[in-house]
1. Once you have all Cα-Cα distances for the range 131-251, histogram them in 5 Å bins from zero and send the whole-percent values.
2. Specify the residue with the greatest mean-square fluctuation among LEU48, LEU39, LEU220, computed from a Gaussian network of the chain linking alpha-carbon atoms under 10 Å apart.
3. If r is the Cβ-Cβ distance from ILE189 to SER153 and R0 is 22 Å, what FRET efficiency results, to the nearest 0.05?
4. Working out 0.36 nm times the residue gap between ASN169 and ALA137, then minus their Cα-Cα distance, what length gain in nm do you get to one decimal?
5. If you put +1 on each Lys and Arg Cβ and -1 on each Asp and Glu Cβ, how big is the dipole of the chain around its Cα centre, in Debye rounded to 20?
6. Which of rounded, prolate or oblate describes the range 212-251 when judged by the alpha-carbon gyration tensor and an a/c cut-off of 1.5?
7. Check the straight Cα-Cα distances from LYS146 and name the lysines below 26 Å, setting aside those fewer than 8 residues away within the same chain.
8. In 10 Å bins starting at 0, how do the alpha-carbon pair distances of the range 151-195 split up by percent?
Amino acid sequence: MAAAAIISMVLGLAGPISTLAAHRGPTSKASAVTAAVNLGTAGNFVILSKAGISTTGTTSIIGNIGVSPIAAPAITGFGLIMDRSGTFSTSSRVTGKVYAANCAAPTPTMLTKAVSDMQTAYNDAASRPAGVTELGAGNIGGLILKPGVYKWSSGVTVPTNVTLSGGKNDVWIFQIAGTLNIASGKKVILTGGALAKNVFWQVAGVTSIGATAVFNGNILDKTAITMKSGAVLNGKALAQTAVTLIGNTIK
């Protein structure tokens with residue numbers, strides 16, 4: 001404490017360094033250093049689902065999408081065209097390839113591995129020691145969140161914009177035992193060089209992204225992921241059940 005006081009005096013600060021966070025507004029600290037979650041081969045997909053991917057409206061996806069162990073008929077609204085190789089399909093809505101378990105080899109084996117890696121990543125994210133628990137009783141709207149691991153025993157809501165503040169190598173992991181809901185028109189904002197690829201939302205319940213909302217990060221969901229009309233996802237939607245889209249942009 002004496003050392004902190006001396007440093008504070010040198011820097012011309014009013015109080016000890018340990019009190020600074022309390023004067024920065026709604027900022028929350030988590031653990032100092034967090035390693036990224038390894039997505040394995042699931043990282044080759046922007047959407048990966050075990051139960052199906054559906055879309056209505058004008059959806060635009062940059063990257064590969066896939067379903068397994070279910071077959072291509074579970075991918076609806078995309079107007080799929082099978083490639084001559086039989087190993088993948090294409091769609092005017094997807095800048096990438098569309099894979100399903102009934103495609104020709106080696107696609108089924110590749111998808112089985114990707115789904116396994118998705119579940120391994122989910123378990124990894126869920127097992128990390130948390131630096132902050134039950135923040136805001138699940139309401140994180142308006143907060144500025146530093147890198148680290150955050151945990152909730154129930155659901156999380158984002159009724160107003162939330163900001164993730166950190167550098168390009170910093171990592172956020174959010175462990176959510178219930179549902180995750182971001183309100184229509186709201187944003188998960190990245191500042192200070194923070195990157196969406198380093199943000200992981202591990203969700204046991206349904207993830208719901210409201211109309212025209214802008215969401216950043218990789219969603220690892222045990223249940224379903226739903227995106228309302230016009231919502232944008234900068235990251236990945238990796239669901240152990242279904243993904244439902246309505247005129248969305250995913251990249």
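1. 3, 13, 23, 28, 22, 10, 2, 0
2. LEU39
3. Numbers: r = 26 Å, r/R0 = 1.17.
FRET efficiency, ILE189 to SER153: 0.30.
4. Numbers: separation 32, 0.36 × 32 = 11.52 nm, distance 2.80 nm.
Gain on extension, ASN169 to ALA137, equals 8.7 nm.
5. Numbers: 18 positive and 6 negative charges, 52 e Å.
In debye, rounded to 20, the chain gives about 260.
6. Details: a/c = 2.37, a/b = 1.37, b/c = 1.73.
In terms of gyration-tensor shape, oblate.
7. LYS29, LYS168, LYS186, LYS187, LYS197, LYS222, LYS236, LYS251
8. That works out to 26, 45, 29, in percent per bin.
Only the coordinates and a few stated rules stand behind these numbers; no lab work does. A quick note: this is a predicted structure, and the numbers were derived from the prediction, not measured. Because the Cβ atoms are built from the backbone with ideal geometry, glycine has one as well, and the counts that use them run over all protein chains shown.
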